[in-house]
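Trainee: Take a look at this one; I'll ask things after.
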Amino acid sequence: MKNTLRQIFHSPKFMTGFVIFVVILLTLFFYPLFNPGNPLEMIGVGTFAKPGTYVSLYDALNTSRETLRLSDADDNRLAKQLKAEDRVAMLEWFNAMGIAVDFDISDTDALLKLWDDNYDPATKPKGMTMAKRNYYKRLNNALLQLKAADEIVLADVNAETKALEETGKVNKTDYVNVGQVANVKLLPLGTDNFGRDVLKELVSATGTSIIIGLIAGAVATIIGLTFGLLAGYLGGIADDLIMFITNVFTVIPGFVLLILISYSIGQDQRGASVVALVIGLTSWTWTARSVRSQVISLRNRDHVNLSKLSGHSLFRIIMTDILPYIASYVVMAFILQVSSGILSEAQLSLLGLGPKTTEVPTLGLMMNWAMLYSAHTNGSWWAYFPVILTITLISFSLNLMNTGLDQVFNPTLRD
């Protein structure tokens, strides 16, 4: 046993997959300790907030300020004000006016200098609509205001006079220490279409999907192992009957059967455990066939015949004389079934047939929400790409572990 474990943990492929999977599990355990709460809590009013650190503007205004005079502050403000579409529009105006632009429009200083030297609100470039000219006027006014304004005046309505009165000013040189702001929220992966923290949701969804995979893998492996052991050892009518049932399930496409069963259950009854059970009940056939072929090669071995002559029961012979010899194969089958279960749940949820959405998130449900709200078309990559990456890492790690075990236990694959 020690020698076998030593070989397993000296397999580079197994260790790589094992480390990746353990890191995922440790993340699932420790992250909720630092960021507790309901992963389905809607913390944002808008949808698809970009990844970053969010500071309460209300609290920032009431935080003690320091005066910093940074030489590039104004340049940074102007560069931020000019979005990519604004820069392209300015280039179009220069072209319409016949003004050559011999620099990259990402050069903010050069672009603004050329704009200041040539733009005139009164000009009417040939073929340009009124709406477009008004757009350029608004853009120019915004740039002028940003350059000219040194402060923003804060005002409030007087409770007695009902008049608007100045309550304070925010200067360009005013800065606050983020550590002193009462409410700061770090969203490494932003929010999704419902305004929920994607990272917290992703961690919870990963845990749920792994549990679904484990339950589905256990159910499929137990059913396949039981049928395979009985069919392979008993043979005869029992073998024919079991293989007939197996062939019936094999002929019907497993995923189609999975869709039909999931649809017939109904959304309200489809919890995570129910979906896992359905996946397991529809994915045991290849395990049964594989175990049967292994048992057939073992049932006439000398040690098995000796147990028969000794009068041992069927259960004891299978458990002590056959199962230990295929235990490594069963473990590898279980690993593949877990990976298959996670992928099946993701496929079901993408079709809207996964677990009900009001209880727990899963990786498939996150993909479904991102697809329904067009995250892939509006550039909100953080709503779906981390999910794809997580599914890939889990499947990759499990398959690497399986390949490593296969190299250890299969003599024909050893170097």
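Trainee: Among the listed residues 65, 87, 69, 77, identify the single one that is touching a residue at least 12 places away in the same chain (Cβ under 8 Å) and in contact with a Ser or Thr (Cβ under 7 Å, 6 or more places away or on another chain).
Mentor: From the options 65, 87, 69, 77, the qualifying one is 69.
Trainee: Condition test on residue 206, is it more than 41 Å from the chain's Cα centre (by Cα) and of a type in the set (Val, Ile, Thr)?
Mentor: No; evaluated as a whole, the condition is false for this residue.
Trainee: From the list 53, 4, which one is at negative phi and modelled with pLDDT of 90 or more? Full working, then the answer.
Mentor: Details: 4 fails: modelled with pLDDT of 90 or more.
After ruling out the rest, the residue left standing is 53.
Trainee: Taking residue 109 as meeting all but one of (1) modelled with pLDDT under 85; (2) under 30 Å from residue 362 (Cβ atoms), write down the number of the exception.
Mentor: Just one mismatch for residue 109, condition (2).
Trainee: Here's a follow-up. Looking for whichever is crowded, with 20+ Cβ neighbours inside 10 Å and of a type outside the set (S, T, N, Q) here; the options are 231, 218, 238. Which one fits?
Mentor: Details: 218 fails: crowded, with 20+ Cβ neighbours inside 10 Å; 238 fails: crowded, with 20+ Cβ neighbours inside 10 Å.
Checking each option against the conditions leaves just 231.
Trainee: In segment 1-28, what count of residues is obtained for those that are within 19 Å of the chain's Cα centre (by Cα) and exposed (fewer than 11 other Cβ atoms within 10 Å of the Cβ)?
Mentor: 1
Trainee: Of everything in segment 361-395, what is surrounded by 21 or more Cβ atoms within 10 Å (Cβ to Cβ) and not in a helix (DSSP H, G or I)? Give them in sequence order.
Mentor: 361, 362, 375, 380
Trainee: Still on this structure, please answer the following. Could we say that residue 354 is under 12 Å from residue 205 (Cβ atoms) and within 21 Å of the chain's Cα centre (by Cα) here?
Mentor: yes
Trainee: Go through segment 132-162 and give me each residue that's at pLDDT below 80, assigned to a helix (DSSP H, G or I) and surrounded by 11 or more Cβ atoms within 10 Å (Cβ to Cβ).
Mentor: 146, 147, listed by residue number.
Trainee: Can you say whether residue 162 is charged (D, E, K, R), at positive phi and free of Cβ contacts under 8 Å to residues at least 24 places away in the same chain, as far as the supplied structure shows?
Mentor: On the way: charged (D, E, K, R): yes; at positive phi: yes; free of Cβ contacts under 8 Å to residues at least 24 places away in the same chain: yes.
Considered against the rule, which asks whether it is charged (D, E, K, R), at positive phi and free of Cβ contacts under 8 Å to residues at least 24 places away in the same chain, residue 162 comes out as yes.
Trainee: Taking helices (runs of 4 or more DSSP H) that fall entirely within segment 180-293, which contain at least 3 residues that are modelled with pLDDT of 90 or more and more than 30 Å from residue 38 (Cα to Cα)?
Mentor: Where helices (runs of 4 or more DSSP H) fall fully within segment 180-293 and carry at least 3 residues being modelled with pLDDT of 90 or more and more than 30 Å from residue 38 (Cα to Cα), they are 198-234, 236-251.
The values are calculated or read from the model by the stated rules, or taken from the named source; none is laboratory data. It should be emphasised that the depicted structure is a prediction, and the values quoted were computed from it without experimental measurement. Counting neighbours? That spans all protein chains shown, and the Cβs are built from the backbone with ideal geometry, glycine included.
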